[in-house]
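Structure first, commentary second.
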Amino acid sequence: MKQTYCFERFEPPVLNEAMLRRELEKRAERRRTVLLVIAGVLIQIAAVLFAALVRGWYPAVSLAVMCSAILSTAAGGVIVILYVQRGGADYDYGA
């Protein structure tokens with residue numbers, strides 16, 4: 001196995017339990033975020049399919065649902081763009 005750090009020349013990096021717990025929390029937060037995004041996409045797909053299904057019987061409801069889906073998708077896209085431009089959030093909760 002290739003050694004990635006030379007322990008003879010340099011002091012090893014400081015690592016403690018709080019840093020490991022913070023990394024675990026970041027991973028859990030990423031996992032929750034991905035699940036939330038997947039749930040949102042599935043809800044949007046269900047709303048669009050519902051709007052397509054009731055288009056013949058309730059055109060006003062269908063139009064409202066389609067507009068809502070388009071607006072929420074656009075708003076989500078804007079939030080993603082702003083979040084990525086800021087470089088994401090890396091909050092320190094005092095740990």
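The values are calculated or read from the model by the stated rules, or taken from the named source; none is laboratory data. Quantities reported herein were computed from a predicted structural model and do not represent experimental measurements. Glycine also receives a Cβ, built like all others from the backbone with ideal geometry; neighbour counts cover every protein chain displayed. The area values use the complete protein model at the heavy-atom level, side chains included, leaving out ligands, DNA and RNA. Shrake-Rupley method; radii C 1.70, N 1.55, O 1.52, S 1.80 Å.
How far, in degrees from 0 to 90, does helix 59-86 lean away from the longest principal axis of the Cα atoms of the chain, to the nearest 10?
Once rounded, one gets 20 degrees.
Please work out, to two decimal places, the log10 of the ratio I(q)/I(0) at q = 0.10 Å⁻¹ from a Debye calculation in which every Cα of the chain carries one identical scatterer.
Log10 I(q)/I(0), no solvent term: -0.53.
With a 1.4 Å probe and every protein chain kept in, tell me what percent of the accessible surface of the chain is carbon plus sulfur.
Carbon and sulfur atoms account for 68 percent of the accessible area of the chain.
Per residue, how much accessible area does the chain show when a 1.4 Å probe rolls over the protein heavy atoms, in square angstrom?
About 91 Å² of surface per residue is accessible.
By the gyration tensor of its Cα atoms, with a ≥ b ≥ c the square roots of the eigenvalues, what is the shape of the range 32-75: rounded for a/c under 1.5, prolate for a/b over b/c, or oblate?
oblate
Is there a quick way to get the dipole size of the chain? I mean about its Cα centre, with the Cβ of Lys and Arg at +1 and of Asp and Glu at -1; what is the value in debye to the nearest 20?
With only Lys, Arg, Asp and Glu charged at Cβ, the dipole is about 320 debye.
Show that you can apply the helix-only estimate: for the chain, add -39,500 (n - 2.57) for every DSSP H stretch of four or more residues, divide by all residues, and state [θ] at 222 nm to the nearest 500.
-25000 deg cm²/dmol
Give me the angle, in degrees from 0 to 90, between the Cα long axis of helix 17-53 and the longest principal axis of the Cα atoms of the chain, rounded to the nearest 10.
Its long axis makes an angle of about 10 degrees.
Label points 7 Å out from Cα along the Cβ direction at C67 and A46: separation in nm?
Each label point is offset 7 Å from its Cα along the Cβ direction, giving 2.3 nm.
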